[in-house]
Structures are given as C-alpha cells and as structure tokens.
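Asker: Let me begin by handing over the structure; questions about it come next.
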Amino acid sequence: MSAEEDTCLFLNRILSGDMRPPEGKELPQDGDSPLVREAKTLGAMSLDANRFMGELASGKLSCVAPRNNTILGNAKELQSVLRHLLWTVDRVAIGDFS
C-alpha cells in the first residue's frame, strides 16, 4: 500500500470517530511527499485536539494543551475563561466580593 493510501485510511479512520493513537506508518516519514506529510501532521493534530477536548469536557481544567496545535485556539480560550470563572466562584465562596 502506498503512503498516500495509508494516509487516506488514517484520515478516514479519524473522520469516522476512531481516535486511537497513530501507528508508525501514520506519522510523517522522511520519504513522504509534502502533501502526505502535512496530511499526517493534520491527522496527528486532530487526535491531540480530541484528547485535550475530552479532558476539558470531563472537567480537568488544569490539563495542558499540546503545543503548536492551531486547531485548539478556541478551546484554549475556553479553558482560560472557565479557569477564571472557577477562580471567581471560589473567591465569592469565601466571601471576597471585590
């Protein structure tokens, strides 16, 4: 199977909701074409984003977002707002209304 076919199967797997970590052939390789490399990178970023969003959804506001993952821009902002809201609620709970 060619790198292009492997990459299409990898991306199709992600689009179908199968969020298993990528296998070795699904990660960028030295001999891959630029398009295949970028598609594999996008797939890996999608998996990282899914993991991070899952942690946020389960209430783990202290989870660390993967670095250099532009897919997560809005999710990181949401995490920041939720952390601030939680801090505000904690302050009010101890009677600090300033």
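Nothing in this text is a laboratory measurement; each read-out follows from the coordinates by a stated rule. Computed from a prediction, not measured in an experiment: that's the story for all the values here. With ideal geometry, Cβ positions are generated from the backbone for all residues, glycine too; neighbour counts draw on all protein chains shown.
Asker: Would you order 67, 83, 37 from fewest to most other beta-carbon atoms within 10 Å of each residue's own beta-carbon?
Answerer: Values: 67 7, 83 12, 37 17.
Ranked by crowding around the Cβ, least crowded first: 67, 83, 37.
Asker: I need the Debye-formula profile for the range 50-98: one equal scatterer per C-alpha, no solvent, reported as log10 I(q)/I(0) at q = 0.15 1/Å, two decimals.
Answerer: -0.45
Asker: Right, something else. Tell me the relative contact order for the chain as a rounded percent, counting alpha carbon contacts under 8 Å between residues six or more apart. Display every interim value, and only then the final one.
Answerer: Numbers: 61 pairs, mean separation 19.7, N = 98.
20 percent.
Asker: Got a sec? Charge dipole of the chain, +1 on Cβ for Lys and Arg, -1 for Asp and Glu; which of 79, 33, 65 is way out at the positive end?
Answerer: Of 79, 33, 65, it is 79.
Asker: Among 55, 38, rank each residue by its count of other Cβ atoms within 10 Å, from fewest to most, as a rough exposure measure.
Answerer: Details: 55 16, 38 13.
In order of increasing Cβ crowding within 10 Å: 38, 55.
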